[in-house]
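To start, the structure itself, in structure tokens.
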Amino acid sequence: MVDLEKIISLCKRRGFIFQGSDQYGGLQGTWDYGPLGVELKNNVKRAWWRRVVYERDDMEGLDCAILMNRLVFKYSGHEDTFSDPMVDCRKCKKRFRADQVDPNEKCPEGDKHDLTEPRPFNLMFKTTCGPVADDNNAAYLRPETAQGIFINFKNVLDSTNRKLPFGIAQIGKSYRNEITPRNFIFRVREFEQMEIEFFVKPGTDEEWHRKWVESRYNWYTELGIKPENLRKYEQKKEELAHYAKATVDLLYRFFPEREDENKQFDEVEGIANRTDFDLTCHTKGGKLVLADGREIPNLHAVTKLTYFDHETNQHLLPYVVEPSAGVDRATLAFLMDSYFEETVNDGQRIVLRLHPELAPIKVAVLPLKKNHEGIRNTAMAIKNNLMKKSGWRTVYDDTAGIGKLYRRQDEIGTPFCVTVDFDTLDDQSVTVRDRDTMAQERVKIDALQEYLAGKLGNC
Ligand code: GAP
């Protein structure tokens with residue numbers, strides 16, 4: 001299986017992902033998605049949205065502001081507890097996340113590190129809103145999209161007349177001042193999440209939790225992730241966040257080079273049963289209960305986040321099941337899982353066997369001879385026509401010989417190449433080449449769109 005190094009190199013070479021602020025030496029923990037990366041990431045998000053919003057009858061969407069009132073994070077518990085343990089080396093002055101540094105590791109200043117005791121480091125990015133930069137105007141960049149959903153629960157409920165169970169989905173940027181961002185786009189300071197808060201009646205939460213774990217696992221495998229590279233990990237009681245009744249993490253084999261197989265896997269998504277913790281924190285008159293038992297009464301919320309149950313004629317606080325995925329980690333998993341190096345007749349090829357729904361480019365139209373006006377114009381016309389009628393991202397490329405053009409498209413995961421040659425001008429047919437099998441088929445131009453639609457499916 002491919003390791004991160006090869007993926008990083010492919011991503012830079014072919015324009016998927018670049019180091020953030022590269023021109024000025026970079027900014028640690030930030031990455032920019034290039035021409036192909038933005039297409040791939042958009043496709044991942046679109047595939048998720050289609051599956052969890054459009055294809056269900058019990059979901060709504062939402063898009064909240066990234067800048068949020070600090071009270072949101074006072075009452076969510078983030079101000080008090082959203083921190084990682086940090087240590088400093090007294091010799092080399094470097095900072096580490098306590099659980100990510102080996103105290104026996106060699107220090108650049110000689111011998112081993114001399115580490116301080118761990119102390120909490122809050123991961124939220126703080127800023128100020130408006131022209132006066134004082135603490136009264138402090139705000140946070142959200143560290144998760146989830147809180148925006150909780151505080152809008154009543155707005156969505158009242159405006160849609162939903163009945164329990166129903167969920168709210170959101171995709172968007174989140175920010176965490178990670179102490180040690182690392183492993184390419186796996187752990188970064190600015191990333192995107194795809195989160196669902198699914199509101200249910202208490203008592204039905206465990207069943208819904210199980211259903212969501214299955215549904216989310218299947219999403220990855222149906223989009224091409226091999227089951228041997230995706231695991232479900234049920235957190236043990238002592239690992240659970242204090243508010244969670246149960247959490248199942250979906251772990252992907254991001255680090256195949258590690259010797260210990262268990263260490264090869266890390267989280268791409270977590271599915272938590274959060275009970276009524278969050279709505280209790282944010283509801284008018286509610287309270288935040290911290291892990292150490294301290295209680296912080298909510299003195300600021302303006303609305304009760306309750307649901308009126310017509311069956312029992314009572315107001316209740318729904319329980320919440322939360323499938324929370326990272327867009328960047330999912331994108332990385334799809335890239336890694338689709339990467340193959342193969343020996344073919346004329347040498348080596350790298351091929352990304354991306355699911356067609358995720359492939360950045362669906363069809364490449366290639367002229368066999370770029371200097372031939374008839375061939376070139378026909379190829380251009382096919383490309384424009386396909387793009388316009390189908391909406392697929394279709395490209396034209398004549399910058400190399402046909403063999404090289406095929407290899408380039410293989411390497412970026414384009415499922416089909418359409419070649420226009422001399423015969424095309426006589427028989428109005430083109431050659432369609434399949435990325436995975438490399439099989440070629442002659443197809444009439446008139447029938448091309450229907451032929452490709454049959455193969456590309458839901459793109
Ligand atoms: N609302 C729950 C929540 O945010 P989380 O486990 O902290 O839970 C959910 O984050 C997902 O977001 C993770 O499974 C991961 O895919 C992604 N994620 C979290 N921190 C990240 C980071 N620093 N860089 C990239 N992705 C991250």
Of the criteria (1) touching a Leu at 6+ places or on another chain (Cβ under 9 Å); (2) within 29 Å of residue 12 (Cα to Cα); (3) of a type in the set (Ser, Thr, Tyr), which one residue 180 fails: (1)
Residue in the stretch 233-241 that is within 16 Å of the ligand (Cβ to nearest atom) and part of a strand (DSSP E or B) present: yes
Flag if residue 231 is of a type in the set (D, E, K, R) and buried (at least 21 other Cβ atoms within 10 Å of the Cβ): no
Filter result for residue 398 (more than 19 Å from residue 40 (Cα to Cα), touching a Pro at 6+ places or on another chain (Cβ under 8 Å) and at pLDDT 95 or above): yes
Condition met for residue 444 (surrounded by fewer than 16 Cβ atoms within 10 Å (Cβ to Cβ) and within 19 Å of residue 15 (Cβ to Cβ)): no
Count - residues of the stretch 54-66 that are over 17 Å from residue 208 (Cβ atoms) and in contact (Cβ under 8 Å) with a residue 40 or more places away in the chain: 6
Those residues of the stretch 244-273 which are of a type outside the set (D, E, K, R), surrounded by fewer than 21 Cβ atoms within 10 Å (Cβ to Cβ), part of a loop (DSSP other than H, G, I, E, B) and in contact (Cβ under 8 Å) with a residue 40 or more places away in the chain, in sequence order: 255, 256
Residue within the stretch 337-348 that is within 16 Å of the ligand (Cβ to nearest atom) and either buried (at least 17 other Cβ atoms within 10 Å of the Cβ) or free of Cβ contacts under 8 Å to residues at least 60 places away in the same chain (or both) present: yes
Single residue of the stretch 171-207 satisfying the filter (surrounded by fewer than 21 Cβ atoms within 10 Å (Cβ to Cβ) and in a helix (DSSP H, G or I)) that is nearest to the ligand (Cβ to nearest atom): 206
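Kindly establish whether residue 408 is in a helix (DSSP H, G or I), away from the ligand (no atom under 16 Å from the Cβ) and over 28 Å from residue 184 (Cβ atoms). Outline the logic, then answer.
Values: in a helix (DSSP H, G or I): yes; away from the ligand (no atom under 16 Å from the Cβ): yes; over 28 Å from residue 184 (Cβ atoms): no.
Here the answer is no, as residue 408 does not meet what is asked.
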Top-ranked residue of the stretch 1-20 - restricted to ones that are surrounded by 13 or more Cβ atoms within 10 Å (Cβ to Cβ) and of a type outside the set (A, V, I, L, M, F, W, C), ranked as modelled with the lowest pLDDT: 3
Count of the stretch 301-326 residues which are out of contact with any Gly (no Cβ under 9 Å at 6 or more places or on another chain), surrounded by 12 or more Cβ atoms within 10 Å (Cβ to Cβ) and within 19 Å of residue 71 (Cα to Cα): 1
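Filter the stretch 231-282 down to residues that are among the charged types (D, E, K, R) and within 30 Å of residue 302 (Cβ to Cβ), then give me how many there are. Show your work before the answer.
Taking the stretch 231-282 first, the residues among the charged types (D, E, K, R) are 231-232, 234, 236-239, 245, 249, 253, 257-261, 263, 266-267, 269, 274, 276, 278.
Checking which are within 30 Å of residue 302 (Cβ to Cβ) leaves us with 245, 274, 276, 278.
Here the count works out to 4.
For residues in the stretch 310-336 being of a type in the set (Val, Ile, Thr) and closer than 18 Å to residue 193 by Cβ, which is nearest to the ligand (Cβ to nearest atom)? Talk me through it step by step, then tell me what you get.
To start, the set of residues in the stretch 310-336 that are of a type in the set (Val, Ile, Thr) comprises 312, 320-321, 327, 331.
Of the ones still in play, those that are also closer than 18 Å to residue 193 by Cβ are 320-321, 327, 331.
Details: 320: 10, 321: 12, 327: 8, 331: 10 Å.
That would be 327.
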Failed item, numbered, when residue 224 is tested on (1) away from the ligand (no atom under 13 Å from the Cβ); (2) at negative phi: (2)
Subset of the stretch 193-208 [among the β-branched types (Val, Ile, Thr) and more than 12 Å from residue 271 (Cβ to Cβ)]: 200, 204
All strands (runs of 3 or more DSSP E) inside the stretch 93-161 with 3 or more residues being touching a residue at least 24 places away in the same chain (Cβ under 8 Å) and of a type outside the set (Asp, Glu): 95-97, 119-122, 138-141
Selected residue (only one of 88, 99 is of a type in the set (D, E, K, R) and either within 24 Å of residue 172 (Cβ to Cβ) or surrounded by fewer than 17 Cβ atoms within 10 Å (Cβ to Cβ) (or both)): 99
Some residue of the stretch 140-163 being within 12 Å of the ligand (Cβ to nearest atom) and surrounded by fewer than 18 Cβ atoms within 10 Å (Cβ to Cβ): no
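The values are calculated or read from the model by the stated rules, or taken from the named source; none is laboratory data. In this text, all values refer to a predicted model and were calculated from it rather than measured experimentally. A quick note on method: Cβ atoms are made from the backbone with ideal geometry, for glycine too, and the neighbour counts reach across all protein chains shown.
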